[in-house]
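Okay, structure first, notes after.
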Amino acid sequence: MSYWEELERPAPDSVAVDGVELRRGARVRLRPRSRGDLFDVVLDGKAAIVDALEEDTDGNVLVAVTVEDDPGRDLGERRQPGHRFFFAPEEVEPLADSAGPAAARILVAGVGNVFLGDDGFGVALADRLARAALPAGVEVVDFGIRGMDLAYAMQDGYDAVVLLDATPRGEAPGTLYVIEAQVDDEAGLEFEAHGLDPAKVLGLVRALGGRPPRTFVLGCEPRTRMNVDDEELVADLSDPVRLALPEAERLVRSLLADLTTEGGIP
């Protein structure tokens, strides 16, 4: 087997530690053996969440974790250095609830331009959800018009993605839709780095070599439809769209409940 084939070899789904099968989402206590550097000293005894199991070229399984009380834990979940740590299985102790099923990772992405009237619906809804209590494993991010960032984020191991977006379909302003998105391979070839069309984002994920996760759009029919060439920009939602936000939040919560129920994400 070549070096590159070794790197692509999938790691196991679980590893046995003290008779407990650890999987992504399990809680562990860190017990570094060497205490040879500052991180070993600081992290000793900390509670952490298993983010992934990885295997090196020698066949050794490593447990990648994020620390529970790390204020930058979300950076670790995005695989940023300094917030994601690796330990041998014998350097972690399963905690009491470690054997439970791993929570599904779901990205809720607010998209749209807040200076184009109702196009800011997704961003406004993401702001409401970011301040609410949501199921474990759910991450809310405001992507605005950063379509390229969203395409890369969708390749980061999420089980499902929920896009929040203004969605004109010819109904009355404020009408809400829940749509399961389909991949448009050709759309990805015309993608604009600072635009954000859900179908094109899914196409770009595939064009970049990734496999889009199951993706839903929580859309709202806009009343105001503007573009960046208009002489006057509007940073407020119209009344019908603003009044639809509470019901939109309820629909997202209902969708998340379905997705985080065992068997909700095939």
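The values are calculated or read from the model by the stated rules, or taken from the named source; none is laboratory data. Keep in mind that what you see is a predicted model, and the values were worked out from it rather than measured. Every residue, glycine among them, receives a Cβ derived from its backbone with ideal geometry; neighbour counts consider all protein chains shown.
Among the residues making up the stretch 106-152, a single one is closer than 18 Å to L256 by Cβ, more than 14 Å from the chain's Cα centre (by Cα) and acidic (D, E): D127.
Do we find that Y177 is assigned by TED's automatic domain parsing to the domain that holds V201, farther than 14 Å from F121 by Cβ and modelled with pLDDT of 80 or more in this structure? In short, no.
The residue pairs whose first member lies in the stretch 155-174 and is surrounded by fewer than 14 Cβ atoms within 10 Å (Cβ to Cβ), whose second member is at pLDDT 95 or above and of a type in the set (V, I, T), and whose beta carbons are closer than 8 Å, counting only pairs six or more residues apart or on different chains, are R169/T175. The residues in the stretch 29-58 that are part of a loop (DSSP other than H, G, I, E, B), at pLDDT 85 or above and either touching a helix residue (DSSP H, G or I) at 6+ places or on another chain (Cβ under 8 Å) or crowded, with 16+ Cβ neighbours inside 10 Å (or both) can be counted, and the count is 3.
Pairs meeting the criteria (first residue in the stretch 42-62 and under 16 Å from D13 (Cβ atoms) and assigned by TED's automatic domain parsing to the domain that holds G137, second residue surrounded by 15 or more Cβ atoms within 10 Å (Cβ to Cβ) and at pLDDT 85 or above, beta carbons under 9 Å, at least 6 apart or on different chains) are lacking.
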